1. Using modelled backbone amide H atoms (1.01 Å from N, in-plane), which distant-in-sequence or interchain residues come within less than 5 Å of residue 63's amide H?
2. If each of residue 48 and residue 26 carries a label point 7 Å out from its Cα toward its Cβ, how far apart are those two points in nm?
3. Enumerate by residue number the GluC sites (Glu not before Pro) in the range 128-195 meeting two conditions: DSSP loop (anything except H, G, I, E, B), and at most 13 other Cβ atoms within 10 Å of the site's Cβ.
4. With respect to the cross-link table entries 54/200; 143/195; 44/195; 70/150; 54/143, which display a Cα-Cα separation exceeding 31 Å?
5. What spacing in nm lies between the two simple spin-label points modelled at residue 192 and residue 207, each 7 Å away from Cα in the Cβ direction?
6. Over the range 25-161, what is the mean sequence separation of C-alpha contacts under 8 Å (at least six apart), divided by residue count, expressed as relative contact order in percent?
7. How much length is gained if the chain between residue 131 and residue 115 is pulled fully straight, taking 0.36 nm per residue apart and subtracting their Cα-Cα distance, in nm to one decimal?
8. Report the full-extension gain for the segment residue 80 to residue 60: residue separation times 0.36 nm, less the Cα-Cα distance, to one decimal in nm.
Amino acid sequence: MTYRILLAFIIIYRIFLHNSAAQTINLSIVTLGDTEPKHLEIIKDSLQRFYNCKVINSYSLEISPELTSKSSKEDQLYNFEVLNAMAVNRRLNEFNKDTGGLIVGITDYALTIGERFSSTYYLIRGLANDSLGTATISTFRIKNESENDKDFVANLAKIAKHELGHLLGMPHCGSDSCLMVDGYRFNKMSRNYCKDCLNKIDPRHLIIE
Ligand SMILES: [Zn+2]
Ligand SMILES: [Zn+2]
């Protein structure tokens, strides 16, 4: 009798585990300004193939002055509009109120970390704010440093997976080859997590083994 109760308990527990494994991360994607539809598709596709996530909403947001980096024009570091990733991430957080999931912003505009920056700050590929659950990805720099279309698609996919990794609690990784190496070692960024990172991340978030 006790054995049967134990068996029933194990079965119920396994069903519970299975159900929680099936839980997917809800994602909303927000395009910032005119964005090539192809870029949105690359990001959506690479995230949904790699993570146990689903894009449930797509929004578009106009570029307003508070989302741009003031220094870009005033200090004449750049002769084009540059978005302020921290301001964008804060703005994206407002979409969280509707959806309750994670928000990924995508733009073809150039991106910097903050509102004011010195020339030692370079354009960035993306920035995640894990406390807000929002991340912004810019194709601008990735496009400039990619050798061809195929390279660009691969690099954009890596950055999307990297930034979502941050939103799932993953820090930067010091390993020789990993999805989570920091932006300075972009040439070492691989499309997968290293062994150490695979031990850190909740396996339920991943589709890959
Ligand atoms: Zn990072
Ligand atoms: Zn790693």
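Rule-based calculations on the coordinates, nothing more; no lab input. On a predicted model such as this, the values are computed, not experimentally measured, just so you know. All Cβ positions, even for glycine, are placed from backbone atoms using ideal geometry, and neighbour counts span all protein chains on display.
1. Placed amide hydrogens put 33 under 5 Å from residue 63.
2. Result for the modelled spin labels: 1.7 nm.
3. Numbers: sites: 145, 147, 163; in loops: 147.
When the GluC sites (Glu not before Pro) of the range 128-195 are filtered for loop state and at most 13 Cβ neighbours within 10 Å, 147 remain.
4. On the way: 54/200 22 Å; 143/195 29 Å; 44/195 25 Å; 70/150 34 Å; 54/143 26 Å.
70/150, as the Cα separations exceed 31 Å there.
5. 1.6 nm
6. Numbers: 259 pairs, mean separation 36.8, N = 137.
This gives 27 percent for the range 25-161.
7. On the way: separation 16, 0.36 × 16 = 5.76 nm, distance 1.93 nm.
Taking residue 131 through residue 115 to full extension adds about 3.8 nm, to one decimal.
8. Extending this stretch completely gives an extra 5.1 nm.
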